Amino acid sequence: MSNGVFDDVQVIPPAEVDDVELYHAHSFITKYVFSQDAKIIAIQYSATAITIGLVGLVLSWLMRLQLGFPDTFSFISPDQYYQFVTMHGMIMVIYLLTALFLGGFGNYLIPLMVGARDMVFPYLNMLSYWIYLLAVLILTASFFVPGGASGAGWTLYPPQAILPGTPGVEWGIILMLVSLVLFIIGFTMGGLNYVVTVLQARTRGMTLMRLPLTVWGIFVATILALLAFPALFVGGVMMLLDRVIGTSFFMPEIIQAGELLGTDSGSPLLFQHLFWFFGHPEVYIVALPAFGIVSDVISTHARKNIFGYRMMVWAIVGIGGLSFIVWAHHMYVSGMNPYFGFFFATTTLIIAVPTALKVYNWVLTLWKGNIHMTIPMLFCVAFILTFLNGGLTGLFLGNVVVAVPLSDTMFVVAHFHMVMGVAPILVIFAAIYHWFPKMSGRMLHEGWGQFHFWVTFLGSYLIYFPMHYLGFVGVPRRYYEIGETSFVPPSAATLNEFITIMVLIVGFAQVVFIINILVSIFKGKESGPNPWNATTLEWQTETTPPSHGNFGDELPVVYRWAYAYSVPGVDADFVPQNMHPDDVKGSGSADDPSGHH
Amino acid sequence: MVLAVALIVLTVGSVIFHFWSPWWWTPIASNWGSIDNALLITFWITGVVYVAVLFFTAYCLYKFRYRADRRADYEPENTKLELWLSGLTALGVVALLTPGLIAWNEFVTVPENAVEMEVLGKQWAWSYRLPGKDGKLGTTKTKLVTDDNPFGINPKDPNGKDDILIEGENLHLPLGQPVKMLLRSTDVLHDFYVPEFRAKMDLVPGMVTYFWITPTRTGTFDVLCAELCGVNHYGMRSNVTVDDKAAYQKWLGKQKTFAALYPKAAAGEQLAAVRKDSKSKQSVQ
Ligand code: HEM
Ligand SMILES: [Cu+2]
Ligand SMILES: [Cu+2]
């Protein structure tokens, strides 16, 4: 019996539409600057995201210097500390992770992996990048305007975000909001592209249930983003109006420093609902692409099919859906009606089930594999550990009553860094080490990769694992310094010093990584088209790096799922998705049902 | 191989750290032992899962490490196993949620005999208001706040005149008496946070929020702000002292009322002036 998902098909229906005519660039400018080729756009997105991400990283060093060694660095004032916190958080979540996963990996991988020549709307795709760049520049400019960047925290809660007493109220907050609005506009252009390309431009034989999980992850994440970002957009525009023309969407009657402000009957909680209606799905906008990538990288390097592919797809879809009805778990102590707690705690903990299943299935993919301990594999295993850790502490923060003592403490900072800081970044590293050969035709240096991996993995764990315990002690987050208290023992200061030193060491390892990339682009060992013996279409292109149009004269035709590794009866331990069943060599054929299901 | 060892070391190290590190929560001083219990249950369940999954992962990494003479297994899925694992996880979730929601039900149910007290947050200081002899707090309006009426108490409300106002000093609470803390801010968000009480809640301008506790241990504890409220957020501190009944009464006897502290405002004289003032300041900055 043949199973439509897992087994080869012999006959592929003929194409329903003709191959597309691509825009052909003639000058250097249209080829590499205002490019409409998704692969170039991907690299532009990635380079911009990583550059601004490095700014976010440097900001985190400054914050950690202050937390580890308070009263030492006179150049870090409370004003600046709060500006660093705010810009760091916003940069990391939106301008680095969202942009890199969707704009970067999405653009590079979707067309290649689904067997398309390019995104379906190349011109829009180009605009998306340039608007993103503009958003990044405006955000960066806010450091240099009078009053400096906003210090409202990345959550930008009003009224505080737009009132004196918070740094950046003059210009910083305006630029921040304008930048966010632009980011969303740019993202929407790209996002529509990703979704339509997956739905519309898959090559013959590439059914939805044969898509690699990377594509599933990016696809569902993009849908989430298209549905979630409008909430932030609306909140941002309303706050701009409150700030600039004095409306009161989020402003109740306020007396500040003895003066009645003339604001009236707005609701600060309304903003929080809008923000988190976006903000929680945002976690999954970052996580789902990471889930997908991890699945594919683990499967490839363990030479084994991903375990439970169909369940993995449904888990991605299910998590995506559920992520829209849990947002108020960020608001348990916000003063909203406390009865909401029952509902949101329940929905939040329900998400744990599909999420846990994904973790089990990654580990079960390793079970009876033949595991190559390559750098991408190392990073994936590190991801499993940190994601598991962060997922489990999420059960503390999701379970309303347990969250009450922990909310707004360092426990929260440790939790979200573990689950949406460290974990996705480890996946980004895995992905870069994995796909760099396709993008450049060269391998990254293995020894430096080992160094980068071990320092980053162990260092991050040593930074964030003990930090949870500062939260148990009760140390609040967003504190310039904790100062004198009756409950924080002096040993906590030593721990803070230790964490700061680890942060600097981990930071140094990233410098090594960047150098590795820059050197390997020119000097790396040549990789050939498919160094990992992977099955998915991007590895089967005629040229490496793939040329404009991705594939040669003929688009590939897909005969099987993306996980035909170590198929019984086949000589090679992998069968590319587009290899014709007649060409598969071995004692049996790949759709020989003997020995499985 | 190295990675398998690293996973084991990290897992075991984390467990050791958990039991032997000097950092743990502060001794509780309120009735919210049920929160601590739910937390401990969460720790045990998640801890067991963490160790189990990581040990299993380490085992796989070691046992199925690459060997040229071996081939990976081919098993697309195993629905039975996946359903079992989902079922077990769901059980774990129920085990976490049950004590959690039971405790939350307690948290949202303020006892009948709770006395009301008010915490007022302003950038960047805490003040407190206790009901006077009538046992009732007077009504308030943000609009009425002036230097002469820092709480914005409505002078027309007879319940407000005997309200006890505490500015720049410790709040005292009677041991064993349930209190409903009413939280009010006149400018931005704040959060009334006493680590030993476990409970905390935001102060939101434009509305009155609350939580309730019963202090169970005498002593003086730190009050911190746990919601970013501007540049001096970290410096917004105060103290709360839990007294036995006698000491509490003695302290209470020394506190002054609204009428005593601000006789003019309590008599309603400031009202007209404030109104005029507010008209002239329409813009935000
Ligand atoms: C090793 C790299 C990193 C270090 C050392 C670091 C450090 C910090 C520190 C010290 C804070 C301020 C904590 C506080 O006082 O409340 C912070 C906040 C934050 N970080 Fe990171 N971080 C890193 C990477 C990331 C990444 C990759 C993300 C992406 C999700 C991220 C997201 C955030 C967010 C959202 C905040 C909260 C900002 C706020 O409170 O408004 N960080 N980080
Ligand atoms: Cu959330
Ligand atoms: Cu505060």
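The values are calculated or read from the model by the stated rules, or taken from the named source; none is laboratory data. A quick note: this is a predicted structure, and the numbers were derived from the prediction, not measured. A quick note on method: Cβ atoms are made from the backbone with ideal geometry, for glycine too, and the neighbour counts reach across all protein chains shown. The area values use the complete protein model at the heavy-atom level, side chains included, leaving out ligands, DNA and RNA. Shrake-Rupley method; radii C 1.70, N 1.55, O 1.52, S 1.80 Å.
Annotations for the structure displayed:
- Selection from region A:303-335 of residues that are of a type in the set (F, W, Y) and within 16 Å of ligand 2 (Cβ to nearest atom): A:F324, A:W327, A:Y332
- Residue within region B:44-56 that is within 30 Å of B:V179 (Cβ to Cβ), among the aromatic types (F, W, Y) and open to solvent by less than 70 Å² (accessible area, probe 1.4 Å) present: no
- Considering region A:61-104, and only residues there that are among the small types (G, A, S) and under 25 Å from A:A221 (Cβ atoms), the residue that is surrounded by the fewest Cβ atoms within 10 Å (Cβ to Cβ) turns out to be A:G89.
- Considered as a group, the residues in region B:142-157 that are more than 8 Å from every other protein chain (Cβ to nearest Cβ) and part of a loop (DSSP other than H, G, I, E, B) include one that is nearest to B:L183 (Cα to Cα), and that residue is B:F151.
- Selection within region B:158-170 - assigned to a loop (DSSP other than H, G, I, E, B), open to solvent by 10 Å² or more (accessible area, probe 1.4 Å) and away from chain A (no Cβ under 14 Å): B:D162, B:G168, B:E169
- Any chance A:L504 is touching a Phe, Trp or Tyr at 6+ places or on another chain (Cβ under 6 Å) and either at pLDDT below 95 or away from chain B (no Cβ under 13 Å) (or both): no
- A:I285 being open to solvent by less than 10 Å² (accessible area, probe 1.4 Å) and either within 16 Å of ligand 3 (Cβ to nearest atom) or not in a helix (DSSP H, G or I) (or both): no
- Test for B:D36: is it over 25 Å from B:R198 (Cβ atoms) and not hydroxyl-bearing (S, T, Y): no
- Pairs are defined by a Cβ separation below 8 Å, a sequence spacing of at least 6 or placement on different chains, a first member in region B:89-104 that is more than 7 Å from chain A (Cβ to nearest Cβ), and a second member that is open to solvent by 40 Å² or more (accessible area, probe 1.4 Å); the pairs so defined are B:G92/B:I45; B:G92/B:V49; B:A95/B:I41; B:A95/B:I45; B:P99/B:N37; B:P99/B:I41.
- Taken over region B:1-30, the criterion of being in contact with a Ser or Thr (Cβ under 9 Å, 6 or more places away or on another chain), more than 7 Å from every other protein chain (Cβ to nearest Cβ) and open to solvent by less than 40 Å² (accessible area, probe 1.4 Å) is satisfied by B:A4, B:A29, B:S30.
- Residue in region A:106-123 that is more than 16 Å from ligand 2 (Cβ to nearest atom) and polar (S, T, N, Q) present: yes
- Just one of the numbered conditions (1) within 13 Å of chain B (Cβ to nearest Cβ); (2) under 23 Å from the mean Cα position of the chain (by Cα); (3) open to solvent by less than 10 Å² (accessible area, probe 1.4 Å); (4) aliphatic (A, V, I, L, M) is not true of A:M311: (3).
- Index of the failed condition, B:D69 passing every other in (1) facing chain A (nearest Cβ under 7 Å); (2) farther than 25 Å from A:A403 by Cα: (1)
- Looking across region B:195-221, the residues that are more than 26 Å from B:Y248 (Cα to Cα), away from ligand 3 (no atom under 11 Å from the Cβ) and open to solvent by less than 20 Å² (accessible area, probe 1.4 Å) come down to B:V204, B:P205.
- Criterion (part of a loop (DSSP other than H, G, I, E, B) and within 16 Å of ligand 3 (Cβ to nearest atom)) met by exactly one of B:L228, B:L224: B:L228
- Residue identified as part of a helix (DSSP H, G or I), more than 11 Å from chain B (Cβ to nearest Cβ), without any contact (Cβ under 8 Å) to a residue 12 or more places away in the chain and surrounded by fewer than 23 Cβ atoms within 10 Å (Cβ to Cβ) among A:G447, A:G459: A:G447
- Residues considered: B:G219, B:G235, B:G253. Of these, the only one that is touching a Phe, Trp or Tyr at 6+ places or on another chain (Cβ under 9 Å) and assigned by TED's automatic domain parsing to the domain that holds B:P155 is B:G235.
- Restricting attention to region B:230-248, the residues that are more than 16 Å from ligand 1 (Cβ to nearest atom) and either within 14 Å of chain A (Cβ to nearest Cβ) or open to solvent by 70 Å² or more (accessible area, probe 1.4 Å) (or both) add up to 9.
- Qualifying residue in region B:249-259 (condition: more than 16 Å from ligand 2 (Cβ to nearest atom), at pLDDT 95 or above, closer than 29 Å to B:R198 by Cβ and within 14 Å of chain A (Cβ to nearest Cβ)): no
- Filtered residues of region A:151-205 (kept if within 14 Å of chain B (Cβ to nearest Cβ), in contact with a Leu (Cβ under 8 Å, 6 or more places away or on another chain), open to solvent by 10 Å² or more (accessible area, probe 1.4 Å) and not hydroxyl-bearing (S, T, Y)): A:V169, A:I174
- Residues of region B:194-220 that are part of a strand (DSSP E or B) and more than 7 Å from chain A (Cβ to nearest Cβ): B:L203, B:Y210, B:F211, B:W212, B:I213, B:P215, B:G219, B:T220.
- Flag if B:L130 is open to solvent by less than 20 Å² (accessible area, probe 1.4 Å), of a type in the set (A, V, I, L, M, F, W, C) and away from chain A (no Cβ under 14 Å): yes
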